[in-house]
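Every read-out reported here was derived from the displayed coordinates using simple, explicitly stated rules and does not represent laboratory data. Source: prediction; values computed, not measured. Counting neighbours? That spans all protein chains shown, and the Cβs are built from the backbone with ideal geometry, glycine included.
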């Protein structure tokens, strides 16, 4: 999903795109926000100041970038579409604290692109008080890996303020024993607090998507991250526990750690954690899943 600048309307965008002979590529999430109040709400929710290095994924025409640049120490923005990158370069030619990159934000589904990380790291190193924030109208097709990988990587943002599909927002905020609750819910909630800023109908975008969207403000909390002894293990653990979300946990444990745990070990670990033999992953809150994960991690380490 892509944003518009303060002077851009749907008619402006249609005329500008016609001038350069291009059309939005909706397969890449190129749906442009044309409600200026909502665009400003996104920026305001991020609470930017002179300490912030902003990462934007999906530069679009450079409009959101231009709005954020005067508020932040630096903005690093990446756009996969060469044509939009050129339009943004023209929009932002006189913004000295903006770095525009033209490539995929992802190296693969589990890692951000090295060039993007290098550019962000360089800006963070320019001042001792600098901190990273993600602020973006995230393209729908990369929203989940962008959010997940930032929490798993070395450059962890202070906050992530994003426009995403409402369906994805529901999954991130979901509570145990609901249909949307899963590994992503646990991964984000184990480290962050999440605020739903606004739900947005398709009518505020051009072209209109087929789904509602939402602005989420996600704040990373050090005190929550410190509860997780091994973030990489926890990340892989919760994904494995939800591989078959309706199976009993004892079966998922024995399957995920085949050769290291049998069903007897799984039963013992669940008893230690206070779980019934019929417990399923979708029933466990963050604290309980953390306790189970740590018990499994210690037991598996003992068998190595």
Take peptides 76-89, 199-212 and line them up by average Cβ neighbours within 10 Å, highest first, as a rough protection proxy. 76-89, 199-212
Computed over the Cα atoms of segment 58-105, the Rg and Dmax in Å are 9.5, 27
Once the mean 1/r over all distinct Cα pairs of segment 245-303 is inverted, what Kirkwood radius in angstroms do you read off? 11.3 Å
Using only the alpha-carbon atoms, how far is helix 143-152 inclined from the longest principal axis of the chain? Give it as 0 to 90 degrees, nearest 10. 60 degrees
Out of all DSSP beta bridges with both ends in the chain, state the antiparallel percent to the nearest 5. 50 percent
Contact order normalised by length for segment 85-188, with contacts defined as Cα pairs under 8 Å and 6 or more residues apart; what percent is it? 19 percent
Roughly speaking, what is the stretch gain from residue 158 to residue 179, that is 0.36 nm per residue apart minus the C-alpha to C-alpha distance, in nm to one decimal? 4.7 nm
Nitroxide proxy distance, nm - points 7 Å out along Cα→Cβ at residue 230 and residue 301: 0.6 nm
The chain - mean residue ellipticity at 222 nm from DSSP helices (-39,500 (n - 2.57) per run, n ≥ 4, rounded to 500): -12000 deg cm²/dmol
Cα-based shape type of segment 81-174, given that a ≥ b ≥ c are square roots of the gyration tensor eigenvalues and the cut on a/c is 1.5: oblate
Run the numbers on segment 245-303 and let me know its relative contact order in percent, using alpha-carbon pairs under 8 Å that are six or more apart. 40 percent
On a full-extension model of 0.36 nm per residue, what is the gain between residue 276 and residue 195, subtracting their alpha-carbon distance, rounded to one decimal in nm? 25.9 nm
With each pseudo-label sitting 7 Å past Cα toward Cβ, what's the residue 109-residue 247 distance in nm, one decimal? 1.8 nm
Kirkwood Rh (inverse of mean 1/r, distinct Cα pairs), segment 206-288, angstrom: 15.2 Å
Hey, how much of the P(r) for segment 7-75 falls beyond 19 Å, as a percent of Cα pairs? 39 percent
Which percent of Cα pairs goes in each bin when the distances of segment 118-270 are cut into 10 angstrom slices starting at zero? 10, 33, 31, 18, 7, 1
For segment 156-201, what is the Kirkwood hydrodynamic radius in Å, using each pair of distinct C-alpha atoms? 11.3 Å
Paramagnetic reach from residue 260 (point 7 Å along Cα→Cβ, amide N under 19 Å) across segment 212-243: 228-243
Here, residue 89 and residue 222, labelled 7 Å along Cα→Cβ, have an inter-label distance in nm of 4.0 nm
Let me have the relative contact order for the chain, percent, based on Cα pairs under 8 Å that are six or more residues apart. 15 percent
Could you list the square roots of 5 times each eigenvalue of the Cα gyration tensor of the chain, that is, the equivalent ellipsoid semi-axes, sorted largest first and rounded to whole Å? 39, 20, 16
Roughly what % of Cα-Cα distances in segment 8-138 sit above 18 Å, to the whole percent? 53 percent
